[in-house]
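The values are calculated or read from the model by the stated rules, or taken from the named source; none is laboratory data. For clarity, every value in this text was computed on a predicted model and none was experimentally measured. Here the Cβ is made from the backbone with ideal geometry for all residues, glycine too, and neighbour counts use every protein chain on show.
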């Protein structure tokens, strides 16, 4: 559990090799969590087992613990608005995480 106003990193999570755009996103997301008096708990960076085409493997994704249930949708919307259209923010309620990725090749129609 993250302490209010702090960024915590799960033991074994590798975040020191994240790309500049995803590192920027991490700071923006932390700011949103802090506005709600929450701490940010990063559960995964560029390590671990992910889908074969995962952007974790090219240092363009990280996962964070979901906020309390009543705030999930509200914070999800704020993150999407803040990061813009080159980022995907996915909710995985089973794993209790937000998956955030920078996808510079993402096409918007």
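For segment 1-23, filtering for residues that are modelled with pLDDT of 95 or more and loosely packed, with under 13 Cβ neighbours inside 10 Å leaves 1. When residue 86 is tested against (1) without any contact (Cβ under 8 Å) to a residue 24 or more places away in the chain; (2) closer than 16 Å to residue 103 by Cβ; (3) surrounded by 13 or more Cβ atoms within 10 Å (Cβ to Cβ); (4) in contact with a strand residue (DSSP E or B) (Cβ under 9 Å, 6 or more places away or on another chain), only condition (1) is not met. Residues that are surrounded by 17 or more Cβ atoms within 10 Å (Cβ to Cβ) and out of contact with any helix residue (DSSP H, G or I) (no Cβ under 8 Å at 6 or more places or on another chain) were ranked within segment 24-37; the one that is nearest to residue 78 (Cα to Cα) is 30.
Looking at segment 48-60, which of its residues are more than 16 Å from residue 96 (Cα to Cα) and in a loop (DSSP other than H, G, I, E, B)?
Taking segment 48-60 first, the residues more than 16 Å from residue 96 (Cα to Cα) are 48-49, 51-60.
Passing the criteria: 48, 49, 51, 52, 53, 54, 59, 60.
Residue pairs whose Cβ atoms lie under 9 Å apart, sitting 6 or more positions apart in sequence or on different chains, and linking a residue in segment 49-61 that is surrounded by 20 or more Cβ atoms within 10 Å (Cβ to Cβ) to a partner that is modelled with pLDDT under 75, are 56/48; 56/50; 61/50. Only a single criterion out of (1) buried (at least 18 other Cβ atoms within 10 Å of the Cβ); (2) in contact with a strand residue (DSSP E or B) (Cβ under 9 Å, 6 or more places away or on another chain); (3) touching a residue at least 40 places away in the same chain (Cβ under 8 Å) is not satisfied by residue 78, namely (2).
Restricted to segment 2-47, and to residues that are in a loop (DSSP other than H, G, I, E, B) and touching a residue at least 60 places away in the same chain (Cβ under 8 Å), which residue is nearest to residue 60 (Cα to Cα)? By that ranking, first place goes to 19.
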